[in-house]
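Colleague: Got a structure here, written out as structure tokens. Questions coming.
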Amino acid sequence: MPKISRVLAALIGLAAAGLMPGALPASAKEFTFDDKANKDIAKRLNIPIYFAVPNSARLPLSRDISLPDRLIDFKHPDAKNGEVGLRLVVAKRAGLAKRLGQSGLVQTGDLLLTFRSEWGGAGAYPNVQMGISHTGIAYVKDGAMHNLDNPLTEEYLGPGMRGNLDSEHYRTLKLIHIIRPRNLTDAQRANLVDWSTRLATSARKIYPKEINFNQDYNAPKYKPGQAITFVKHLGQSALGQSPSGAVDMFCSEFAWSLLALRDCNPAKDAEAFKGSRVPSCVKPIMEPMRATGDYITRRGRSSNAGLAEGPLLVVDALKLPEAERDKLLHTVFVENKSGMAKMSVGHRQVAETMQSKFAPLEKYYLGVQGKWGPTFEARLISAGFRRGIPENYSPTSFLINTLLPANNSKRTMDYVATILIE
């Protein structure tokens, strides 16, 4: 279904905007709830509940986190049981990269998801995207956290490609979700620091000659059953092996590929990248998602979520009565002109163009959880989505992965916290 393909093609990447927080009570080393602070945060963020996450998405944190910034346990006011919200680090911008690097809260390999709270309730496109527009990756080195992003330019990496959260992109941000891949070892993190350092220092040489930016978010390099040669190409570029041609990657594809190198030691495995095959150390970090998954219908431990199912999974976690649930799901698809006006011109144009084309997805949302299972129409729509959209790893997919149950075999990510920059 080419029409359905166009509807969801834009769900795979985006970029830029902000928000202003106010004075909130401080906390030492734990995220704490305070009713007054919660009301203030709710008013300032003004996000729909499906822009937050259920508590089951959260990574259990150690008590030795050391941050002078305020740590707030935000509970969304529409979650009557208090089980959906965000962990908020309310932080000053100055010196943020260094504080995060020394805090223990952010670790090498963490994903940095650009979060646009002002997109909340603006229409189907930004709502299904859950306000997420871009993916970067963090690495901790020399006592500071650094960001690495594609495009490998100063717009994202900042002066000197140092990645100190001081680039144009990060200087204009107010909210960043931190998502952590599960079970990274010290050795894997050391490898990722090495890969990231090599890519940052050689960025001007390899971008865009060897690594370029993919603007077709519906054309990932991943193909089921095929070798992930694009990851090998990234490794070759980082190693200075000058692979022929350029591989274009969108931001989340770049992060996914870099994490796939976690078991490869650049100093010891360089020769393996010169061979004709993809080195055996290259391993996907997360299974790419289809447009719709089977978790919502099967609830199995090996069921996966879908690229377009973020709000659906959050609302599902609320366990609402059917009528109340469907009423909330309908709001995901309601156009809001004043909300769209808060978006950048480019994103607003895309959102307005796509708005009328999301009707099939709303029918799927409303029909997939019937008393006797998915309706016939919902099944047809889901099959059409899967035919029209390739398996993928959008910026939002990393957050969607955390919405699966903690014991699900496909879950490889946990939600850490959200940085709210003053």
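Colleague: Given (1) aliphatic (A, V, I, L, M); (2) within 30 Å of Asn55 (Cα to Cα); (3) surrounded by fewer than 17 Cβ atoms within 10 Å (Cβ to Cβ); (4) touching a Lys or Arg at 6+ places or on another chain (Cβ under 7 Å), identify the lone condition not met by Ala246.
Modeller: (2)
Colleague: Hey, could you check the range 108-155 for residues that are of a type in the set (Ser, Thr, Tyr) and under 16 Å from Arg171 (Cβ atoms) and say which is surrounded by the fewest Cβ atoms within 10 Å (Cβ to Cβ)?
Modeller: Taking the range 108-155 as the starting set, the residues that turn out to be of a type in the set (Ser, Thr, Tyr) are 108, 114, 117, 125, 133, 135, 139, 153.
Now narrow it down to the ones that are under 16 Å from Arg171 (Cβ atoms): 114, 133, 153.
Working: Thr114: 25, Ser133: 25, Thr153: 18.
Taking the candidates together, the pick is Thr153.
Colleague: What residue, of Pro360, Pro390, is closer than 29 Å to Ile179 by Cα and touching a residue at least 60 places away in the same chain (Cβ under 8 Å)? Before you say what the answer is, go through the steps one by one.
Modeller: Values: Pro360 fails: closer than 29 Å to Ile179 by Cα.
Matching residue, one of Pro360, Pro390: Pro390.
Colleague: Among the residues of the range 238-254, write down those that are free of Cβ contacts under 8 Å to residues at least 60 places away in the same chain, of a type in the set (Gly, Ala, Ser) and either in contact with a strand residue (DSSP E or B) (Cβ under 8 Å, 6 or more places away or on another chain) or assigned to a loop (DSSP other than H, G, I, E, B) (or both). Can you show your working first?
Modeller: Narrowing the range 238-254 to residues free of Cβ contacts under 8 Å to residues at least 60 places away in the same chain: 238-248.
Within this subset, residues satisfying the condition of being of a type in the set (Gly, Ala, Ser) are 238, 240, 242, 244-246.
Within the range 238-254, Gly240, Ser242, Ser244, Gly245, Ala246 meet the criteria.
Colleague: Yes or no: the range 200-217 includes at least one residue that is of a type in the set (Phe, Trp, Tyr), part of a loop (DSSP other than H, G, I, E, B) and over 21 Å from the mean Cα position of the chain (by Cα).
Modeller: Our first condition is that a residue be of a type in the set (Phe, Trp, Tyr); within the range 200-217, this holds for 207, 213, 217.
Those left that are additionally part of a loop (DSSP other than H, G, I, E, B): 207, 217.
Then keep just the ones that are over 21 Å from the mean Cα position of the chain (by Cα); that gives 207.
Within the range 200-217 (the criterion being of a type in the set (Phe, Trp, Tyr), part of a loop (DSSP other than H, G, I, E, B) and over 21 Å from the mean Cα position of the chain (by Cα)), the answer is yes, since at least one residue qualifies.
Colleague: Cβ-Cβ under 6 Å, sequence separation 6+ or interchain: first residue in the range 218-237 and more than 16 Å from Met286 (Cβ to Cβ) and of a type in the set (A, V, I, L, M), partner modelled with pLDDT of 95 or more and assigned to a loop (DSSP other than H, G, I, E, B). Which pairs?
Modeller: Ala227/Val278
Colleague: Residues that are surrounded by fewer than 19 Cβ atoms within 10 Å (Cβ to Cβ): list the helices (runs of 4 or more DSSP H) wholly contained in the range 325-399 that include at least 3 such residues. Before you say what the answer is, go through the steps one by one.
Modeller: Values: elements: 337-340, 345-354, 359-367, 376-388.
Filter on the range 325-399 gives 345-354, 359-367, 376-388.
Colleague: Against the condition in contact with a helix residue (DSSP H, G or I) (Cβ under 6 Å, 6 or more places away or on another chain), within 17 Å of Ala138 (Cα to Cα), surrounded by fewer than 21 Cβ atoms within 10 Å (Cβ to Cβ) and of a type in the set (D, E, K, R), how does Arg198 come out, does it pass? Give the steps one after another, and end with the answer.
Modeller: Values: in contact with a helix residue (DSSP H, G or I) (Cβ under 6 Å, 6 or more places away or on another chain): yes; within 17 Å of Ala138 (Cα to Cα): yes; surrounded by fewer than 21 Cβ atoms within 10 Å (Cβ to Cβ): yes; of a type in the set (D, E, K, R): yes.
When the stated conditions are applied, Arg198 passes them.
This table checks each residue for (1) among the aromatic types (Phe, Trp, Tyr); (2) closer than 30 Å to Asp263 by Cβ.
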site	(1), (2)
Met289	no, yes
Tyr295	yes, yes
Glu322	no, no
Arg348	no, no
Lys363	no, no
Gln369	no, no
Trp372	yes, no
Ala378	no, no
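Colleague: Check whether at least one residue in the range 21-32 is closer than 30 Å to Tyr125 by Cα, at pLDDT 95 or above and surrounded by 14 or more Cβ atoms within 10 Å (Cβ to Cβ), and report yes or no.
Modeller: Looking for residues that are closer than 30 Å to Tyr125 by Cα, at pLDDT 95 or above and surrounded by 14 or more Cβ atoms within 10 Å (Cβ to Cβ), one finds none in the range 21-32, hence no.
Colleague: If you don't mind, there's one more thing I want to ask. Residue by residue through the range 146-186, note down the ones that are within 11 Å of Thr108 (Cα to Cα) and free of Cβ contacts under 8 Å to residues at least 24 places away in the same chain.
Modeller: Result: Thr185, Asp186.
Colleague: Here is a further query. From Ala200, Ala187, which residue is at pLDDT 95 or above, out of contact with any Pro (no Cβ under 8 Å at 6 or more places or on another chain) and closer than 15 Å to Leu258 by Cβ? Reasoning before the result, please.
Modeller: Working: Ala187 fails: closer than 15 Å to Leu258 by Cβ.
Matching residue, one of Ala200, Ala187: Ala200.
Colleague: Can you find, within the range 168-199, the residue that is farthest from Met343 (Cα to Cα) among those that are assigned to a loop (DSSP other than H, G, I, E, B) and touching a strand residue (DSSP E or B) at 6+ places or on another chain (Cβ under 8 Å)? Before the answer, list the steps.
Modeller: Step one: list which residues in the range 168-199 are assigned to a loop (DSSP other than H, G, I, E, B), which gives 172-174, 182-185.
Then keep just the ones that are touching a strand residue (DSSP E or B) at 6+ places or on another chain (Cβ under 8 Å); that gives 173-174, 182.
On the way: Leu173: 13, Lys174: 14, Arg182: 33 Å.
Filtering the range 168-199 for residues that are assigned to a loop (DSSP other than H, G, I, E, B) and touching a strand residue (DSSP E or B) at 6+ places or on another chain (Cβ under 8 Å), the one farthest from Met343 (Cα to Cα) comes out as Arg182.
Colleague: Hey, another quick one. Which condition number does Ala94 fail, the rest of (1) surrounded by fewer than 22 Cβ atoms within 10 Å (Cβ to Cβ); (2) modelled with pLDDT of 95 or more; (3) over 26 Å from Asp149 (Cα atoms) being met?
Modeller: Of (1) surrounded by fewer than 22 Cβ atoms within 10 Å (Cβ to Cβ); (2) modelled with pLDDT of 95 or more; (3) over 26 Å from Asp149 (Cα atoms), only one is false for Ala94: (3).
The values are calculated or read from the model by the stated rules, or taken from the named source; none is laboratory data. Every value quoted in this text rests on a predicted model; they were computed, and no experiment measured them. So basically every Cβ, Gly included, is an ideal-geometry build from the backbone, and we count neighbours across all protein chains shown.
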